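Engineer: Encoded as structure tokens, here's the structure I'll be asking about.
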Amino acid sequence: MSKNRITTPIVISALLLSTACSGNTVKHSTDTLSLNNCAIQETIPGAKATGAFLTINKSDDSALSLVSAKAPTVTNHVEIHEMKMKDGTMVMQQIKEYPLKKGANIFKKGGYHIMLMDMKKSIKVGEKHKLALSFSDGTSKSCIATVKSVKELTPKGMKHMKHMKPMKPMKKDMKHMKS
Ligand SMILES: [Cu+2]
């Protein structure tokens, strides 16, 4: 009994201390991240949305998430998307945050990507637009994304993927997925 009474305050103060310490010593996320191969896909005629792709390289294993993105010269509506199997079809849907791992975090066509929606205008190959990313520690970092063609941004073998029928293990996994 008396042991518990003593333990609780110690745990709390240790937690407070560790929070205070990490606040002082943790690196600014912009020091640990580099944004590479920033690109936006050209708009297909009639489309008001397109994808933005890049690789976020993280030099340490501190906890940090990508929480939002902006492309002010193109749109005011940007989302972070994931690709998911749903009822045997590959669909994309918004995620609130993307936890960054140490090393390369790749946003590409067919995988995690930045979705530019409700676009003000169409964009053409060769144009450059600022892509600004915001992180869970309140910092942000930007890169200049080059507009590239659909062909250039489509990973090899992706067309083949479309023709594949969903396999049974995928359907089984779906049951465990939320939303
Ligand atoms: Cu998307």
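Engineer: So if I take the alpha carbon set of segment 102-144, get Rg, then get Rh from the Kirkwood formula, what is the Rg over Rh ratio? Kindly include the intermediate steps, with their values, before the conclusion.
Structural biologist: On the way: Rg = 12.8 Å, Rh = 12.9 Å.
Across segment 102-144, the Cα-based Rg/Rh ratio is 0.99.
Engineer: Here's a follow-up. Among the listed pairs LYS124/LYS148; LYS108/LYS151; LYS96/LYS124, give every one whose C-alpha distance is greater than 18 Å. Don't skip to the end; give the middle numbers.
Structural biologist: Values: LYS124/LYS148 8 Å; LYS108/LYS151 13 Å; LYS96/LYS124 29 Å.
The pairs that break the limit, which is 18 Å between Cα atoms, are LYS96/LYS124.
Engineer: How much length is gained on full extension from SER149 to LYS48, taking 0.36 nm per residue of separation minus their Cα-Cα distance?
Structural biologist: The SER149-LYS48 span can extend by a further 34.8 nm.
Engineer: How much length, in nm to one decimal, is gained on full extension between THR30 and SER68, taken as 0.36 nm per residue of separation minus their Cα-Cα distance?
Structural biologist: That pair, THR30 and SER68, stretches by 12.2 nm at full extension.
Engineer: What does the convex hull of the Cα atoms of segment 30-169 come to per residue, in Å³, rounded to a whole number?
Structural biologist: Spelled out: Cα convex hull of segment 30-169, divided by residues, is 125 Å³.
Each value in this text was obtained by applying a stated rule to the coordinates, not by laboratory testing. None of the values given here were measured: they were computed from a predicted structure.
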